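Reading through the structure tokens given below for one structure.
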Amino acid sequence: MDHFRPRPNSDQTPVPLWRRAWLDGYPCDVPSSLPYPSVPVSALIENSARRFPERAACTMYGRSVTYAELAEQSHRLAAALVKLGAGPGKRVGMLMPNSPEYIIAMQAAWLTGATVLQLSPLMVASEIGKWLQTTDCHIVVTLDLLAPSVVTALNDGPLEHVVVASLAPRMAPWRSWLYRVERLRRHGPLRLRDDAHLHRFDQLVRSAPRSLTPRIVPEEDVALLAPTGGTTASPKAVMLTHRNLVANAYQIHAWSRGDDQPHGVLGVLPFFHAYGLSVCLLSSFVGGWTVHLWPKFEVTPALDLLEHHRIELMPAVPAMLNALNRSLREHPRDLSFIRAVISGASALDPAVRRDFEKYGAQQLVEGYGLSEASPVTHVNPMDGHNRPGTIGLPLPDTEARVMDQSSGLEELPVGAVGELVIRGPQVMKGYLNNPVETARSLRNGWLYTGDLARRDRDGYFSIVDRKKDIIKTSGFLVYPAEVEEVLNRFPEIAECAVIGVADSERGEAVHAMIVPRGEGLDRAALDRFCAEHLSKHKRPRKIEIVKELPKNFLGKIQRRKVRETVNAIGGNGPSH
């Protein structure tokens, strides 16, 4: 179709000197610039359904859904959603785990021209209600296990319709029985009778399909609202346009050295986060690849999926790799069929990397992104030029600079630490109904990430820390991530988080919250270790032993919540 024909990127200006270094590091088969089709995100599945109708778009519980089936069911659900009021300017919430139903519902919403609101199954009812109010969302597609958290919102606010799906029909009889038992355990008897506001997913999917041609301007119209808390207590909703998501899907696909052959991708990262959505799903749809789904990450099912389907591309997070390592130590498996593992969300511990690489994965590369950039901006090359400890090179058509922290106007030289700023087709439109935060983050087309980074002479970038997490002690600047990296090398420490707490003498003191590997911690040995590896001003003045640290659904430690916990008790953990 003509509307799917890619058009060249409009920026034809000469490549500036500060970009040439990293472009020289590109794999020979990855272009520095790509043509992007001016289409809505829904066109990714539509195009693959035309080209590969009988190819599996996804699998779950041993059953597959072809691209043709996915497209047909999405069109049927879209026709039903239109009757419920979905369309351009409307928001359709997704409160679902990874499943074919999630993909069908999301695609259906986009076919109507509506904007998808990502909701996390980890949210409580009050959080869900707040986001429905904030975004004026009037339809939510959810799972029966999660429905009670949404149905209560029908009585208050903009929500008018709840569409309820179930995973039970996709399961083997024994698993389906356990699923229903779990639903009963959580919520008691759940009566989901159809009425004017409550609808069954499976019945809506039986609707007669209609030809839907909503007018969408990909560069302007918002395809996705992604809630993000950032580093502050005030959550924001990132507005990602159709252009943003399509561009990032093409960028990731090209960087993965993608083609149109039937490849497999592991789909256990949550799709309600931009990382899982873009890296697992949307980039796969560009080439008609198959995404092997599991509702949430579990070690044994993930390993079984990898081995059974001989999956080639594995998006992951460090916590996931660490969990897989623990299982693989007990029961080793040959994972040499994995062509590439992409690790993101947080820094990858070198020990975790080394352990996982023992099992044969061909490339384990780190990348970087944030919801405001759809989310991927940097990845290490997958051609053997990977540099562990860095986030790699900017993706095609992505520009990155390291700017001074005070004004953000001066570009810093190679090796200097400053704020990472990014420009590219995947950068968000802004924050919903929040012009102040939008103006703070988007300046002259550049996204100010709030992350501190440095660039080496070859154009590889490394993340140092969050700008707002810097500790200022006795006139010195301390980067918590640097201290955490050292502490995590101490054999008796399982994980840690470092923050700054108020100190009358120093302004701030370095405070470490530590989860030990065993029952205790040899403080004297830790003292000697820190003295050997950390400058005096970087050593923790206070240490607090805890059983666990607050993390988000990707397994990333949330320093903001650590700080809130410490402040709540006055920062009076044991002195050190």
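The values are calculated or read from the model by the stated rules, or taken from the named source; none is laboratory data. All figures in this text were calculated on a predicted structure; none of them were measured in a lab. Virtual Cβ from ideal backbone geometry, glycine too; neighbours counted across all protein chains shown.
Would you check if E399 is among the charged types (D, E, K, R) and either touching a His at 6+ places or on another chain (Cβ under 8 Å) or within 30 Å of T134 (Cβ to Cβ) (or both)? Against the criterion (among the charged types (D, E, K, R) and either touching a His at 6+ places or on another chain (Cβ under 8 Å) or within 30 Å of T134 (Cβ to Cβ) (or both)), E399 does not qualify.
When V82, V92 are checked against the criterion of being part of a helix (DSSP H, G or I) and either in contact (Cβ under 8 Å) with a residue 40 or more places away in the chain or touching a Cys at 6+ places or on another chain (Cβ under 7 Å) (or both), a single residue qualifies: V82. Might you let me know whether the range 211-234 holds any residue that is of a type outside the set (S, T, Y), in a loop (DSSP other than H, G, I, E, B) and farther than 26 Å from T135 by Cβ? No, the range 211-234 contains no residue that is of a type outside the set (S, T, Y), in a loop (DSSP other than H, G, I, E, B) and farther than 26 Å from T135 by Cβ.
Return the residue satisfying two criteria in turn: it lies in the range 308-331 and is small (G, A, S), assigned to a helix (DSSP H, G or I) and within 23 Å of the chain's Cα centre (by Cα), and of such residues it is modelled with the lowest pLDDT.
Residues of the range 308-331 small (G, A, S): 316, 319, 323, 327.
Applying the additional criterion that residues be assigned to a helix (DSSP H, G or I) yields 319, 323, 327.
Those still in the list that are within 23 Å of the chain's Cα centre (by Cα) too: 319, 323.
Details: A319: 84, A323: 92.
Across the range 308-331, the extreme among qualifying residues is A319.
Residue check: is L266 over 19 Å from V30 (Cα atoms), crowded, with 24+ Cβ neighbours inside 10 Å and free of Cβ contacts under 8 Å to residues at least 60 places away in the same chain? So that I can check it myself, show each step before the final result.
Details: over 19 Å from V30 (Cα atoms): yes; crowded, with 24+ Cβ neighbours inside 10 Å: yes; free of Cβ contacts under 8 Å to residues at least 60 places away in the same chain: yes.
Taking the combined requirement at face value, the residue satisfies it.
Screening G459, G500 for residues that are closer than 30 Å to Q362 by Cα and surrounded by 20 or more Cβ atoms within 10 Å (Cβ to Cβ) leaves exactly one candidate, G459.
For the range 374-395, enumerate the residues that are surrounded by fewer than 22 Cβ atoms within 10 Å (Cβ to Cβ) and either over 23 Å from A361 (Cα atoms) or of a type in the set (G, A, S) (or both). The answer is G384, G389.
I'd like to know if the range 68-78 contains one or more residues that are closer than 24 Å to A226 by Cβ, part of a loop (DSSP other than H, G, I, E, B), touching a residue at least 24 places away in the same chain (Cβ under 8 Å) and touching a strand residue (DSSP E or B) at 6+ places or on another chain (Cβ under 7 Å). Talk me through it step by step, then tell me what you get.
Here is the first cut: in the range 68-78, the residues closer than 24 Å to A226 by Cβ are 70, 74, 77-78.
If we keep only those that are part of a loop (DSSP other than H, G, I, E, B) as well, we get none.
No, the range 68-78 has no match at all.
Residue count for the range 47-67 under the criterion of being polar (S, T, N, Q) and either surrounded by fewer than 19 Cβ atoms within 10 Å (Cβ to Cβ) or part of a loop (DSSP other than H, G, I, E, B) (or both): the result is 2. Looking at the range 238-282 only, could you name the residues that are assigned to a helix (DSSP H, G or I), among the aromatic types (F, W, Y) and within 25 Å of P301 (Cα to Cα)? Across the range 238-282, the qualifying residue is only Y275.
Any idea how many residues of the range 407-437 are out of contact with any Ser or Thr (no Cβ under 6 Å at 6 or more places or on another chain) and part of a loop (DSSP other than H, G, I, E, B)? Steps first, answer last, please.
Initial filter on the range 407-437 (out of contact with any Ser or Thr (no Cβ under 6 Å at 6 or more places or on another chain)): 407-419, 421, 423, 425, 427-428, 432-437.
This time we only want the ones that are part of a loop (DSSP other than H, G, I, E, B), so: 407-410, 412-417, 425, 427-428, 432-434.
Here the count works out to 16.
Quick check on my filter: what residues within the range 475-497 are in contact with a His (Cβ under 7 Å, 6 or more places away or on another chain) and surrounded by fewer than 22 Cβ atoms within 10 Å (Cβ to Cβ)? Answer for the range 475-497, where residues must be in contact with a His (Cβ under 7 Å, 6 or more places away or on another chain) and surrounded by fewer than 22 Cβ atoms within 10 Å (Cβ to Cβ): F476, V486. Taking the range 105-160 as the range and being of a type outside the set (F, W, Y), crowded, with 22+ Cβ neighbours inside 10 Å and part of a helix (DSSP H, G or I) as the test, the residues that pass are A105, M106, Q107, A108, A109, L111, T112, I128, L132, V150, A153.
Quick grid of which residues meet (1) closer than 24 Å to K468 by Cβ; (2) at pLDDT 85 or above; (3) out of contact with any Asp or Glu (no Cβ under 6 Å at 6 or more places or on another chain); (4) not in a helix (DSSP H, G or I):
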residue: L521; (1), (2), (3), (4): no, yes, no, yes
residue: F529; (1), (2), (3), (4): no, yes, yes, no
residue: P540; (1), (2), (3), (4): yes, yes, yes, yes
residue: I543; (1), (2), (3), (4): yes, yes, yes, yes
residue: E548; (1), (2), (3), (4): yes, yes, yes, yes
residue: G555; (1), (2), (3), (4): yes, no, yes, yes
residue: K561; (1), (2), (3), (4): yes, yes, yes, no
residue: T565; (1), (2), (3), (4): yes, no, yes, no
residue: G571; (1), (2), (3), (4): yes, no, yes, yes
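Set side by side, the residues V164, V124, V140 differ, and just one is in contact with a His (Cβ under 8 Å, 6 or more places away or on another chain) and without any contact (Cβ under 8 Å) to a residue 40 or more places away in the chain, which is V164. For the range 283-301: of the residues being assigned to a helix (DSSP H, G or I) and buried (at least 24 other Cβ atoms within 10 Å of the Cβ), which is farthest from the chain's Cα centre (by Cα)? The extreme case among them is F285.
Using the structure shown, decide if Y448 is of a type in the set (F, W, Y), buried (at least 19 other Cβ atoms within 10 Å of the Cβ) and under 27 Å from L34 (Cβ atoms). Quick ask: steps written out before the conclusion?
On the way: of a type in the set (F, W, Y): yes; buried (at least 19 other Cβ atoms within 10 Å of the Cβ): no; under 27 Å from L34 (Cβ atoms): yes.
Answer is no for this residue.
Of all residues in the range 459-477, those satisfying the criterion of being touching a helix residue (DSSP H, G or I) at 6+ places or on another chain (Cβ under 6 Å) and not hydroxyl-bearing (S, T, Y) are G459, D465, D469, F476.
Could you tell me how many of the residues in the range 378-390 are more than 18 Å from L313 (Cα to Cα) and within 20 Å of the chain's Cα centre (by Cα)? Walk me through how you get there before you give the answer.
Going through the range 378-390, the residues more than 18 Å from L313 (Cα to Cα) turn out to be 387-390.
Those left that are additionally within 20 Å of the chain's Cα centre (by Cα): 389-390.
Total meeting the criteria: 2.
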